[in-house]
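The values are calculated or read from the model by the stated rules, or taken from the named source; none is laboratory data. Quick caveat, the model's predicted, so the values are computed rather than measured. We place every Cβ from the backbone using ideal geometry, glycine too, and count neighbours over all the protein chains shown. The area values use the complete protein model at the heavy-atom level, side chains included, leaving out ligands, DNA and RNA. Shrake-Rupley method; radii C 1.70, N 1.55, O 1.52, S 1.80 Å.
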Amino acid sequence: MRIAILGAGSLGTIVGAYLSDGGMDVELIDTYEAHVQALNEKGAKVVGTTEFTAPVKAITPQQKSGTYDLVLLLTKQLYNRAVLEELLPFLHEDSVVCSLQNGIPEQSVADVVGEHRVIAGSVEFGATFIEPGVSQLTTEYTQFKKYAFQIGELNGEMTERIEQIKTVLDHVGGTHVSDNLVGTKWSKLLINNAFSGLSAALNGEYGHILDDEVGIVSAVHIADETIKVGHANGIQFATMSGFDIASLELHSAADIPERVRTFRTMMEPSRLLKASMLQDLEKQRKTEIQYINGVVPQHAVGTGIATPFNDLVVKLVQEAEARQGVPTFEENIRLFAQLIETETVK
């Protein structure tokens, strides 16, 4: 099987290292030429909660050739149409494009490459790009090896190709097949909304959110909004890492302390993670905030459900984008404290 990792950033570098080390025929494709050069010359180096280096083959998009049997899509959604249209000549009829992007991009991917080629996936570990050729695994190693991915067919069927792709991805870490891919993607969206969104809006690692009372309570409210909007759209949330995500919904303010304890336990292995959207802000790049927290207010239209916490995250990240800077934790956490107080009064 010939495999392409399209978007070999922080996550793609780690995936490529493990697949190459496992004997897979894999090419890491990225636009960052210094990164491509370092990968070819020194190998893909993984640091953080584990450490190893694997020789890999890396190319720029212009160097693609032949056709790929499996494409692991890890680019930013911002560039999907252009990236996928450039990919089309390198797909054959039975090629599979596995979307491992944040959010719920599968329909837009299918619109370009064809629905029959698309399977969906959820990455369940975190990583930070350190320098060309080097990526930091920020999820605790045993957790990473147990739960690295969820994948599945868009219609929930168990197929021969999904089993084959599971075998491939098991070289990286524990890969679980879901018969409820939409629910899986919404569950991952919830975690991204609650922690990646706040990480970007506050300028902090997940641990800063876990340790700050306003931060963690805000994460609880973001999760609650996501669940309520998902349910209003007929979504059945899938379990993640064996945990019932839907159980995070708030039924009254009295539930908040228990939800805080649950989040602190569940997210402790990821406390070192810094959101890729925050890394984008640091590099003065546009983020995927409209495809993450922005999904909730978009799907709330017509439901009568208010989404003030997701709205505030989107607002703060977009403001940082506009001024090409990063947020200030102390300043923005006060805005979330004010919002919590307002919601408590209602």
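Kindly evaluate G234 against the criterion of being of a type outside the set (D, E, K, R) and more than 30 Å from Q324 (Cβ to Cβ). Answer is yes for this residue. Considering the range 173-195, the residues that are of a type in the set (A, V, I, L, M) and out of contact with any Ser or Thr (no Cβ under 9 Å at 6 or more places or on another chain) include one that is most open to solvent (accessible area, probe 1.4 Å), namely V182.
Conditions tested, residue by residue: (1) part of a helix (DSSP H, G or I); (2) under 21 Å from G304 (Cα atoms); (3) touching a residue at least 60 places away in the same chain (Cβ under 8 Å); (4) touching a helix residue (DSSP H, G or I) at 6+ places or on another chain (Cβ under 9 Å).
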| site | (1), (2), (3), (4) |
| --- | --- |
| G207 | yes, no, yes, yes |
| L210 | yes, no, yes, yes |
| G215 | yes, no, yes, yes |
| E225 | yes, yes, yes, yes |
| I235 | no, yes, no, yes |
| A238 | no, no, yes, yes |
| A246 | yes, yes, no, yes |
| L250 | no, yes, no, yes |
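Residues of the range 151-204 that are among the charged types (D, E, K, R), under 19 Å from L11 (Cα atoms) and modelled with pLDDT of 95 or more: K166, D170. Of the numbered criteria (1) in a helix (DSSP H, G or I); (2) open to solvent by 70 Å² or more (accessible area, probe 1.4 Å); (3) in contact (Cβ under 8 Å) with a residue 24 or more places away in the chain, the one Q284 fails is (1). Annotation: of all residues in the range 49-85 being of a type in the set (G, A, S) and open to solvent by 40 Å² or more (accessible area, probe 1.4 Å), the one that is farthest from Y32 (Cα to Cα) is G66. Across the range 237-279, what is the total count of residues that are of a type in the set (G, A, S) and either under 19 Å from the mean Cα position of the chain (by Cα) or within 30 Å of G325 (Cβ to Cβ) (or both)? Total meeting the criteria: 7.
In the range 252-281, the qualifying residues are those that are in contact with a Gly (Cβ under 7 Å, 6 or more places away or on another chain) and assigned to a loop (DSSP other than H, G, I, E, B), and the one that is most open to solvent (accessible area, probe 1.4 Å) is L272. Is there a residue in the range 46-53 that is without any contact (Cβ under 8 Å) to a residue 60 or more places away in the chain, more than 30 Å from G156 (Cβ to Cβ) and of a type in the set (A, V, I, L, M, F, W, C)? Yes, that holds for at least one residue. Can you find even one residue in the range 7-28 that is closer than 18 Å to P105 by Cα, free of Cβ contacts under 8 Å to residues at least 12 places away in the same chain and not hydroxyl-bearing (S, T, Y)? Within the range 7-28, none of the residues are closer than 18 Å to P105 by Cα, free of Cβ contacts under 8 Å to residues at least 12 places away in the same chain and not hydroxyl-bearing (S, T, Y).
Residue by residue, here is whether (1) modelled with pLDDT of 95 or more; (2) of a type in the set (D, E, K, R); (3) in a helix (DSSP H, G or I) holds:
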| residue | (1), (2), (3) |
| --- | --- |
| T303 | yes, no, no |
| D311 | yes, yes, yes |
| V314 | yes, no, yes |
| Q318 | yes, no, yes |
| P327 | yes, no, no |
| L335 | yes, no, yes |
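Looking across the range 130-176, the residues that are polar (S, T, N, Q) and in contact (Cβ under 8 Å) with a residue 12 or more places away in the chain come down to S135, Q136, T138, T139, Q143, Q150, Q164, T175.
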